[in-house]
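Chemist: Can you read through this structure? Questions will come right after.
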Amino acid sequence: MSRRQKLVLATHNPNKKTEMNAVLSDLGLDVIGLDQYPGIEDIPENGTTLLENAMIKAHTVHLKTGLPALSDDTGLEVDALHGAPGVYSARFAGEDSTYQDNVQKLLSLMEGVPKLNRTARFRTVIALVNGDTELWTEGIIEGLITCEERGTGGFGYDPIFEENDTKKTFSEMNSAEKNKISHRALALQKMHKELLTIFEIKGE
């Protein structure tokens, strides 16, 4: 194949792009982001589920670029908050909220909740749209909400989400550790297998 096939990631978030690229890098595809399409502004995420939002973004970017489009939507589900913030995780503290705004709101709401009841999970849905092809995969990881921020890496709610097995927050892990077990990595690993077939990529 003389020209590498292109796959566009339907995100303006550089952190997500980095994580997604880490899992997809061995596919031999030219994986590009929306930074190469400045005319595509933030896509309204007005679905009521993670799958709806992921599909909305993938369809929009596929239509605007004509390229296979891969998108994700992620939610943090906190049991003590009846599954909130869920699909509203990115704008939990308001439409223009920062990562820190969202973290502080969540910690405030969880103040006084005992460890036993601080269970939560990250859920990611990855969607691919390419012509008539629509696929989606899901990754889930269980943990709990810490009482204070720990670690300096990651983004979003990573400083306050302690993964069950390692007892580390995502912010306390390096990128290699996180990319082995995270919700996004799990969903991407499943999608990775689908992409091998769709793009007819031959193994070494």
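The values are calculated or read from the model by the stated rules, or taken from the named source; none is laboratory data. Predicted model, so just to flag it, every value in this text is computed and none were measured. Counting neighbours? That spans all protein chains shown, and the Cβs are built from the backbone with ideal geometry, glycine included. Protein only, heavy atoms only, side chains kept; ligands, DNA and RNA dropped before computing areas. Shrake-Rupley method; radii C 1.70, N 1.55, O 1.52, S 1.80 Å.
Chemist: Which residue is surrounded by the most Cβ atoms within 10 Å (Cβ to Cβ), if the candidates are limited to the range 89-99 and must be under 25 Å from Ile140 (Cβ atoms) and not hydrophobic (A, V, I, L, M, F, W, C)? Full working, then the answer.
Modeler: Filtering the range 89-99 down to residues under 25 Å from Ile140 (Cβ atoms) leaves 89-93, 97, 99.
Next, only the ones that are not hydrophobic (A, V, I, L, M, F, W, C) stay: 89, 91, 97, 99.
Details: Ser89: 21, Arg91: 14, Ser97: 15, Tyr99: 16.
The extreme case among them is Ser89.
Chemist: Given the range 106-173, what strands (runs of 3 or more DSSP E) lie entirely inside it while holding 3 or more residues that are of a type in the set (A, V, I, L, M) and open to solvent by less than 20 Å² (accessible area, probe 1.4 Å)? Explain how you work it out, then say what you get.
Modeler: Details: elements: 119-130, 133-145, 161-163.
Fully inside the range 106-173 and qualifying: 119-130.
One line per residue, one yes/no per condition, for (1) open to solvent by 40 Å² or more (accessible area, probe 1.4 Å); (2) small (Gly, Ala, Ser); (3) under 23 Å from Lys190 (Cβ atoms):
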{"position": "Tyr37", "(1), (2), (3)": "yes, no, no"}
{"position": "Asn53", "(1), (2), (3)": "no, no, yes"}
{"position": "Leu63", "(1), (2), (3)": "yes, no, no"}
{"position": "Leu70", "(1), (2), (3)": "no, no, yes"}
{"position": "Asp79", "(1), (2), (3)": "yes, no, no"}
{"position": "Ala84", "(1), (2), (3)": "no, yes, no"}
{"position": "Val87", "(1), (2), (3)": "no, no, yes"}
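Chemist: Which residues, counting only those in the range 174-203, are of a type in the set (D, E, K, R) and surrounded by 17 or more Cβ atoms within 10 Å (Cβ to Cβ)? Even if it seems obvious, please write down each step before you answer.
Modeler: To start, the set of residues in the range 174-203 that are of a type in the set (D, E, K, R) comprises 177-178, 180, 184, 190, 193-194, 200, 202.
Matches in the range 174-203: Lys178, Arg184.
Residue-by-condition table, conditions (1) in contact (Cβ under 8 Å) with a residue 60 or more places away in the chain; (2) out of contact with any Leu (no Cβ under 8 Å at 6 or more places or on another chain):
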| position | (1), (2) |
| --- | --- |
| Thr11 | yes, no |
| Val23 | yes, no |
| Ile32 | no, no |
| Met55 | yes, yes |
| Lys64 | no, yes |
| Ser108 | no, yes |
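Chemist: Counting only residues that are of a type outside the set (S, T, N, Q) and touching a Lys or Arg at 6+ places or on another chain (Cβ under 9 Å), how many does the range 130-154 have?
Modeler: The initial filter retains those residues of the range 130-154 that are of a type outside the set (S, T, N, Q), namely 131-132, 134-136, 138-145, 147-151, 153-154.
Going one step further and asking which of them are touching a Lys or Arg at 6+ places or on another chain (Cβ under 9 Å), we end up with 138-145, 147, 150-151, 153-154.
Number of matching residues: 13.
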